[in-house]
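Everything on this sheet refers to the single structure shown next.
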Amino acid sequence: MTRFFSRFAFGSSSRGLTAALALGAAATVAAPVLAEVPPARAWEIGPIIKGRNYSVGMPLQPEDTREGITFDIPNIRERYGHVHYVTFDPGSLRGARSITMRYRVDAAPGTRFVPQESTEEQAYMSLFFQRRGDSWNAKGPYEHFRWYSPSDRKIPLRAGTHTVTIPLGGDWISVYGKPSSQNPEAFRAALAQAGRVGFTFGSDSGRGHGVYATGRASFTLLDFEIE
């Protein structure tokens, strides 16, 4: 069963989900507990900035399956689109040590994954978290509100079942590629005040600037752990 480590558990009803999210946002307990992964309705395929969803041609949420949450990666041959960010609100990540995700990419033979902004580059995934209240303009302090997995832990997007674990004590990078070791206070503040966590699609030129497929392809999140 898909699951994640967090400081709260999701109920099976929408009322339980709302209450759990509120508790997660306010939680300050350092020790995480095991709980089920948020249902598809708790995730957002975006980002949505000033009313615009940058994941063009994508649904707002993935779908629930017995294996986990799933979505199709846009196929450029059939419709214009690209997927950027897939995130949910975990509440504070204070005291968390690492993020682990296990996922499967299904793709038709010969399918390639292409960064929509820099088509000549390798398509990558990144683990991601974002400080609550981000303006998305990356100016001043907001340069350090979004954090992506370290440069030496890039995740090539390819077919198959994969598991990746990335410590939160590593050198995660900010919007302009600066490592967290250059501004550890801003990094710790983003962890403590996290508003979104998940994964992004893009390339070296833009970790969350979107990816499309040249053939039929889908992504299924099998496990997601924050511990």
Exercise. Taking the residues in segment 191-227 that are at pLDDT below 95 and basic (Lys, Arg) as candidates, determine which candidate is least open to solvent (accessible area, probe 1.4 Å).
Key: 207
Quiz item: In segment 177-190, is there at least one residue being crowded, with 19+ Cβ neighbours inside 10 Å, in contact with a strand residue (DSSP E or B) (Cβ under 8 Å, 6 or more places away or on another chain) and in a strand (DSSP E or B)?
Solution: no
Quiz item: Pairs under 8 Å by beta carbon, first residue closer than 14 Å to residue 134 by Cα in segment 38-54, partner open to solvent by 70 Å² or more (accessible area, probe 1.4 Å), six or more apart or different chains?
Solution: 47/54; 48/54
Practice problem: Would you mind telling me which numbered condition in (1) open to solvent by 50 Å² or more (accessible area, probe 1.4 Å); (2) closer than 23 Å to residue 148 by Cα; (3) at pLDDT 50 or above residue 93 fails? | Solution: (1)
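Restricting to segment 125-147, count the residues that are assigned to a helix (DSSP H, G or I) and of a type in the set (Gly, Ala, Ser).
Residues that pass the stated criteria total 1.
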Quiz prompt | Scope segment 165-176; condition open to solvent by less than 10 Å² (accessible area, probe 1.4 Å) and without any contact (Cβ under 8 Å) to a residue 40 or more places away in the chain; matching residues | solution = 172, 174
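Pick from segment 47-70 the residues that are part of a strand (DSSP E or B) and touching a strand residue (DSSP E or B) at 6+ places or on another chain (Cβ under 6 Å): which of them is surrounded by the most Cβ atoms within 10 Å (Cβ to Cβ)?
Of the residues in segment 47-70, the ones part of a strand (DSSP E or B) are 48-49, 52-53, 63-64, 69-70.
Narrowing further to those that are touching a strand residue (DSSP E or B) at 6+ places or on another chain (Cβ under 6 Å): 53, 63, 69-70.
Working: 53: 17, 63: 13, 69: 25, 70: 18.
It comes out as 69.
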Quiz item: Any idea how many residues of segment 173-227 are aliphatic (A, V, I, L, M), over 26 Å from residue 112 (Cβ atoms) and touching a helix residue (DSSP H, G or I) at 6+ places or on another chain (Cβ under 7 Å)?
Solution: 3
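So, in segment 101-133, of the ones that are open to solvent by 20 Å² or more (accessible area, probe 1.4 Å) and β-branched (Val, Ile, Thr), which residue ends up nearest to residue 173 (Cα to Cα)? Steps first, answer last, please.
Step one: of segment 101-133, the residues open to solvent by 20 Å² or more (accessible area, probe 1.4 Å) are 102, 104, 106-113, 116-117, 119-122, 124, 131-133.
From what's left, β-branched (Val, Ile, Thr): 111, 119.
Details: 111: 29, 119: 22 Å.
Among those residues, the one meeting the criterion is 119.
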Exercise. Considering only segment 63-117, state which residues are over 18 Å from residue 198 (Cβ atoms) and among the aliphatic types (A, V, I, L, M).
Key: 76, 107, 108, 114
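The values are calculated or read from the model by the stated rules, or taken from the named source; none is laboratory data. Note that this is a predicted model, so its numbers are computed, not measured. Glycine also receives a Cβ, built like all others from the backbone with ideal geometry; neighbour counts cover every protein chain displayed. With ligands, DNA and RNA removed, areas are computed over all heavy atoms of the protein, side chains included. Shrake-Rupley method; radii C 1.70, N 1.55, O 1.52, S 1.80 Å.
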